[in-house]
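Accompanying notes for the structure given below.
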Amino acid sequence: MNRRAFVRTFAGGLLTAPLAAEAQPAGKVYRIGWLGTTQVPANAPGREAFIGLLDREIGGMGQQRPDAVMRGVPYRGGLILGILIVTLGCASPKPPPDNPPIVTGPSQAQSLASSPRFSSGGPDAEKYGANEGYPVKAINRLPFFVGVFSHYDQLLDGRTIRRAASPSRLLRAPSEPALRYEYQAETRSLDDYLARNPATGLLIARGDTILVERYQYARTDRHRFASFSMAKTVTAMLVGLAIAENLIRSVDDPAGSYVPALADTEYGRTSLRHLLQMSSGVRFRENYSGQDDAARLFAATVLQDGPGGVEAVKPYNERGRWSGALFSYASVETQVLGLVLRSVVGRPVAEYFRDRIWEPIGAEADATWIIDASGQEATYCCLNAVLRDYARLGLLLAHDGRLGDRQIIPKAWLSAATTIDPNDWHLKRVWDRTGFGYGYQTWIFPGERRMFALIGSHGQAIYVDPASRLVMVHTAVRERADDPNEETIALWRSVVDVFGARPQ
């Protein structure tokens, strides 16, 4: 695809790369695993429609090309047939054949009540393209958010992050808890939340147990959801690992020490610490107007409208204030950190992430990370994964970087990344509507209890409470990129109040 044409059409709203919308199957189904086939009970409601669905699918479902760089061209591969049980539960669409990571689902012995719940609709579903099957087109407008945000790696070049050789097991609660939360002087339920908020996926887990797993807008547990700026926190964790491995000497070293091509630039003269804290002092406008510096960076990296690599960050080279003086959110600073990582590890960031985090946490599905024209990952955004693997990542952080007897991420680094030093007054409250402070590429809740979040635009988030090993993963299609997710935070606080009394 001509990348300049892609930039123009993505920004301007013209069709460039449509993918055929899949027909929705009749009947109401639950998917409870990807481990084989099962006999449909003779008295199951909708049995004939279900058998018809199996007949249609027995010829094989699409699989991604196995090469490292995907270009959105599926091929017809081997059958991955899920265990499906027809029920009177929520409607579940046929899994899309153009984005099928191989998933290890819950045990066959798990009760139906604890299985994921799926819905083909959601708030304002028609506005989000329900009548057209949630189309997947390279158009940056609301009717295409559902399709695009769950198929980023079908429209853009990405590097595959292979699933773990032995996926870890997540247990399930016997039944979904009845949750209540307070918002705008009203007591609301989880069903109320989903009826009011455009969440594509919602998962709550404690310890190693899933309490809630819901999907809307015909999304399923096989869709890879875009993380957007949640990826920034992942990048910070990889910097910590590189320091622990002596690939980076100190967080106070300037970026130019590791990326010589940046040595004579303002970002090259900025310390890694101040890049991690979004306080470089270099001018960069990020207001999501579509005409800001963030849009230019997105075009130069994700949309490959340029050579990428160091050249994508060099245009931002004017210092507005001294380094470390003031917080100013700037995605380019995470991209500089990604260039440092690529230089010190000597291989793609996605490969380093796979070996150091994705494999150890036992990821059940392939993930992807979007790359620029040079092959450099867009480390400020664009990691794509299934909901349960985001939960595994969150649970790693909730356990202070430790899984079992293995410390995956250094505890001291994770603590430094998710707390605010008393001397860093400029980081204590950087987002007025939420009260959040900022650590190392991580949002920090106000108050004495240590809680933090990975947050991406349009409603993506992973909320973490280490004291109780509690995590909530939220993917969404909010209309505003900078929506503060106030109702989501109210839900999370209620979850912590109910389940966060003691650690597991």
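The values are calculated or read from the model by the stated rules, or taken from the named source; none is laboratory data. Predicted model only: the values in this text are computed from it and were never measured. FYI the Cβ positions are ideal-geometry reconstructions off the backbone, even for glycines, and counts take in every protein chain you see. Areas reflect the complete protein model, heavy atoms only, side chains present, ligands, DNA and RNA absent. Shrake-Rupley method; radii C 1.70, N 1.55, O 1.52, S 1.80 Å.
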In the set Ala501, Ala467, the lone residue that is at pLDDT 95 or above and more than 22 Å from Thr334 (Cα to Cα) is Ala467
Scanning segment 423-455 residue by residue, those of a type in the set (A, V, I, L, M), touching a residue at least 60 places away in the same chain (Cβ under 8 Å) and closer than 21 Å to Ala467 by Cα turn out to be Leu454, Ile455
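The rows are residues; the columns are (1) under 20 Å from Ile371 (Cα atoms); (2) in a loop (DSSP other than H, G, I, E, B).
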| site | (1), (2) |
| --- | --- |
| Gly290 | no, yes |
| Ala295 | yes, no |
| Phe298 | yes, no |
| Gln304 | yes, yes |
| Glu311 | yes, no |
| Lys314 | yes, yes |
| Ala325 | no, yes |
| Tyr329 | no, yes |
| Val332 | yes, no |
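Yes/no matrix, rows are residues, columns are (1) open to solvent by less than 10 Å² (accessible area, probe 1.4 Å); (2) of a type outside the set (Asp, Glu); (3) in contact (Cβ under 8 Å) with a residue 40 or more places away in the chain:
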position: Gly306; (1), (2), (3): no, yes, yes
position: Pro315; (1), (2), (3): no, yes, no
position: Val340; (1), (2), (3): yes, yes, yes
position: Ala350; (1), (2), (3): yes, yes, yes
position: Arg356; (1), (2), (3): no, yes, yes
position: Ala365; (1), (2), (3): yes, yes, yes
position: Ser374; (1), (2), (3): no, yes, yes
Taking segment 176-192 and keeping only residues that are assigned to a helix (DSSP H, G or I) and either touching a Ser or Thr at 6+ places or on another chain (Cβ under 6 Å) or under 19 Å from Ala218 (Cβ atoms) (or both), one is left with Asp191
Restricted to segment 416-428 and to residues being of a type outside the set (Val, Ile, Thr) and open to solvent by 50 Å² or more (accessible area, probe 1.4 Å), the residue nearest to Ser250 (Cα to Cα) is Asp421
Those residues of segment 266-275 that are open to solvent by 20 Å² or more (accessible area, probe 1.4 Å) and part of a loop (DSSP other than H, G, I, E, B) come to a total of 2
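Select from segment 125-143 the residues that are open to solvent by 40 Å² or more (accessible area, probe 1.4 Å) and either among the aliphatic types (A, V, I, L, M) or in a loop (DSSP other than H, G, I, E, B) (or both) and list them in ascending order.
Glu126, Lys127, Lys137, Asn140, Arg141
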Picking from Val313, Val234, the residue that is touching a helix residue (DSSP H, G or I) at 6+ places or on another chain (Cβ under 6 Å) and under 30 Å from Asp483 (Cα atoms) would be Val313
When restricted to Ser271, Ser189, Ser229, the only residue of a type outside the set (Asp, Glu), without any contact (Cβ under 8 Å) to a residue 40 or more places away in the chain and touching a strand residue (DSSP E or B) at 6+ places or on another chain (Cβ under 7 Å) is Ser189
Residues of segment 462-484 being crowded, with 24+ Cβ neighbours inside 10 Å, within 22 Å of Asn287 (Cβ to Cβ) and not β-branched (Val, Ile, Thr), in sequence order, are Ala476
Practice task
Report yes if Leu112 is farther than 27 Å from Ser168 by Cβ and modelled with pLDDT under 90, otherwise no.
Solution key: no
Counting only residues in segment 144-188 that are acidic (Asp, Glu) and over 24 Å from the mean Cα position of the chain (by Cα), the one surrounded by the most Cβ atoms within 10 Å (Cβ to Cβ) is identified as Glu182
Checked against (1) touching a Leu at 6+ places or on another chain (Cβ under 8 Å); (2) in a helix (DSSP H, G or I), Leu241 satisfies every condition except (1)
Considering segment 245-261, residues that are small (Gly, Ala, Ser) and surrounded by 15 or more Cβ atoms within 10 Å (Cβ to Cβ), and then whichever is farthest from Gln335 (Cα to Cα), we arrive at Ser257
For the structure I just gave you, tell me whether Trp431 is within 29 Å of Lys127 (Cβ to Cβ) and over 19 Å from the mean Cα position of the chain (by Cα). yes
Per the filter on segment 291-304, residues of a type outside the set (A, V, I, L, M) and surrounded by 15 or more Cβ atoms within 10 Å (Cβ to Cβ) are Asp293, Arg296, Phe298, Thr301, Gln304
Subset of segment 211-227, residues buried (at least 24 other Cβ atoms within 10 Å of the Cβ) and either among the hydrophobic types (A, V, I, L, M, F, W, C) or over 24 Å from Gln154 (Cβ atoms) (or both), comes to Ala218, Phe225, Ala226
Sole miss for Tyr288 among (1) of a type in the set (Phe, Trp, Tyr); (2) open to solvent by 30 Å² or more (accessible area, probe 1.4 Å); (3) under 29 Å from Arg162 (Cβ atoms) is condition (3)
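Do you know which residues across segment 166-189 are hydrophobic (A, V, I, L, M, F, W, C) and farther than 26 Å from Leu393 by Cα?
Initial filter on segment 166-189 (hydrophobic (A, V, I, L, M, F, W, C)): 170-171, 173, 178-179, 185.
Of everything in segment 166-189, just one residue is hydrophobic (A, V, I, L, M, F, W, C) and farther than 26 Å from Leu393 by Cα, namely Ala185.
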